[in-house]
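**Q** Starting off with a structure, shown below.
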């Protein structure tokens, strides 16, 4: 696993892709940026903040999150249009919301969302606490979550999210940044990603 | 103006600068060429209308419930008063997001009261405009209670005693003597409460969610816009700033002009 001395101490700053890219565009500094789509990555590339080409390091697909035990008996995207059902989606301005909209369009389903959450975690928490009957999130959000169950969305309707990673020009530890990306895209990295519900790139 | 020691003037200037600078940044960095488009955009009007409605409704509720609460607080003594006072001010120190979670646990579908409402009447409060009003009331009402309680404590009790001696009942004393004397305290409390409600974000987005026209108040809209259209977010912030200033100045003249 390369040089542990370089990647032994890593500071993570987790947030929605749109939040992180907005912070970087406003001048925040970091060594590595990983995004849940390629559009926000492209914005940073256009702004000249990235070094070299970004790499796709994982894929994620959508799933319908329902409270444990699926009390409302939801089986596919069409069920989300049922009247009286409280469905929460991510706002179309964030990757998860954009993908959810694409999936619903593919399935030809119109959903009256109760709320357009500003982060995919907002969708998840509202389903987990029982305020919403269903929400569309990533498979990786559901796999290790004990308070929600996942309903599979068939490939034909699903959207595959590309997760991208890149070294930033503002990197202070350039060698460490490259070593970290090497680790993420390595076999060991793929094993971790698979265990948390992602698909290897 | 009476003389103020020079070091204090320096500190006061520093304090003023500290909150004027961000304001200056907002005004200087605003994309003025887009301001007109921002003001006339239908989303702006929707968010602004909702914000005004929710913050005024929250203030009205806080007045109806908060003035009696302040009165009871001011008449209590000893330990019960300390406990009740601490409970009343709790929402002021609670991070608003935590307040939102607490509202869930009380009024959500699985909450203490909410589960009953949901099972008995099929009523769900979360994700409604009522939820946004409740979130704002929860966070803002303590400001009114504290201001009014302070006002009651500094009242000269002889006015009320005189009214009672002249035969006025409890309700009459409250309505005709206490309340009018409290006008400045109620006004400043209501303004604080309203301003806090207008700016409320954390509890609202947690408890009420985000949906244009239903729960997307201006602060929530600013947050959503900030990450995709930062220019629009700045314009929206300035609009809220201008509207609140106009209302504050207008209300002050109207309410306190008679004093």
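Throughout, read-outs are computed from the coordinates displayed, never taken from laboratory work. These numbers come from a predicted model, not from an experiment. Quick reminder, even Gly has a Cβ in these numbers, built from the backbone with ideal geometry, and neighbours come from all protein chains shown.
**Q** For the range B:1-81, what class follows from the C-alpha gyration tensor (a ≥ b ≥ c being the square roots of its eigenvalues): rounded when a/c is under 1.5, otherwise prolate if a/b is larger than b/c, else oblate?
**A** In terms of gyration-tensor shape, oblate.
**Q** Related question: Please list B:169-177, B:184-192, A:165-173 highest first by mean number of surrounding beta-carbon atoms within 10 Å per residue.
**A** B:184-192, A:165-173, B:169-177
**Q** Treating the angle as unsigned and between 0 and 90°, give the value, to the nearest 10°, between the Cα long axis of helix A:174-185 and the longest Cα principal axis of chain A.
**A** 40
**Q** How many Cβ atoms of partner chains, on average, are near each residue of B:210-216 if near means within 10 Å of its Cβ?
**A** On the way: counts 9, 8, 2, 0, 2, 3, 3.
Taking all residues of B:210-216 together, the mean is 4.
**Q** Next question, about the same structure. Taking the alpha-carbon centroid of each part, what is the distance from the range B:2-67 to the range A:145-201 in angstrom?
**A** 41
**Q** In the protein assembly as shown, how does Rg compare with the Kirkwood Rh, expressed as the Rg/Rh ratio over alpha carbon atoms?
**A** Details: Rg = 26.6 Å, Rh = 25.4 Å.
Rg divided by Rh gives 1.05.
**Q** Considering only C-alpha atoms, what is the centroid distance from the range A:59-109 to the range A:20-54, in Å?
**A** 28
**Q** With springs only between Cα atoms under 10 Å, which of B:41, B:197, B:62 fluctuates most in a Gaussian network model of chain B?
**A** Among B:41, B:197, B:62, the largest mean-square fluctuation in the Gaussian network model of chain B belongs to B:41.
**Q** Answer rounded, prolate or oblate for chain B, using the Cα gyration tensor with square roots of eigenvalues a ≥ b ≥ c: rounded when a/c is under 1.5, else prolate when a/b is larger than b/c, else oblate.
**A** Details: a/c = 1.98, a/b = 1.23, b/c = 1.61.
The shape class here is oblate.
**Q** Counting partner chain Cβ atoms within 10 Å of every residue's Cβ in B:196-207, what's the average?
**A** Numbers: counts 0, 0, 0, 0, 0, 0, 0, 0, 0, 5, 3, 1.
Mean shielding by partner chains, rounded to a whole number: 1.
**Q** Next up: List the relative contact order of the range A:105-191 as a percent without decimals, with contacts defined as Cα pairs under 8 Å and 6+ residues apart. Let's see the in-between values first.
**A** Numbers: 32 pairs, mean separation 14.8, N = 87.
It comes to 17 percent, rounded to a whole number.
**Q** Separation between the residue B:120 and residue B:41 pseudo-spin-labels, each 7 Å from Cα along Cα→Cβ, expressed in nm?
**A** 4.3
**Q** Rg/Rh for the range B:203-245: what does it come to with C-alpha atoms and Rh from Kirkwood?
**A** Numbers: Rg = 10.6 Å, Rh = 10.7 Å.
Across the range B:203-245, the Cα-based Rg/Rh ratio is 0.99.
**Q** Which of A:38, A:140, A:125 ends up with the largest GNM mean-square fluctuation for chain A, with Cα atoms connected below 10 Å?
**A** Top of the fluctuation ranking is A:125.
**Q** Then there is this: Please average, across the residues of A:112-120, the number of beta carbons from any other chain that are within 10 Å of each residue's own beta carbon, and give a whole number. Could the numbers behind the result be given before it?
**A** Values: counts 1, 4, 9, 11, 7, 5, 8, 2, 0.
Average neighbour count from other chains, rounded to a whole number: 5.
**Q** May I pose another question? Report, in degrees rounded to the nearest 10, the 0 to 90 angle that the Cα long axis of helix A:95-107 makes with the longest principal axis of chain A.
**A** Helix A:95-107 sits roughly 40 degrees off the main axis of chain A.
**Q** While we're on this one: Hey, in the GNM for chain A with a 10 angstrom Cα cutoff, which one of A:46, A:120, A:86 fluctuates hardest?
**A** It is A:46.
**Q** Also, quick follow-up: How would you classify the range A:61-152 from its alpha-carbon gyration tensor, with a ≥ b ≥ c the square roots of the eigenvalues: rounded for a/c under 1.5, else prolate if a/b is greater than b/c, otherwise oblate? Could the numbers behind the result be given before it?
**A** Details: a/c = 1.35, a/b = 1.11, b/c = 1.22.
It comes out rounded by the Cα gyration axes.
**Q** Determine the calculated [θ] at 222 nm for the protein assembly as shown from helices alone, applying -39500 (n - 2.57) to every DSSP H run no shorter than 4 residues and normalising by the residue count; nearest 500 deg cm²/dmol. Show your work: numbers first, answer last.
**A** Working: 21 runs with 270 residues, N = 460.
That calculation yields -18500 deg cm²/dmol at 222 nm.
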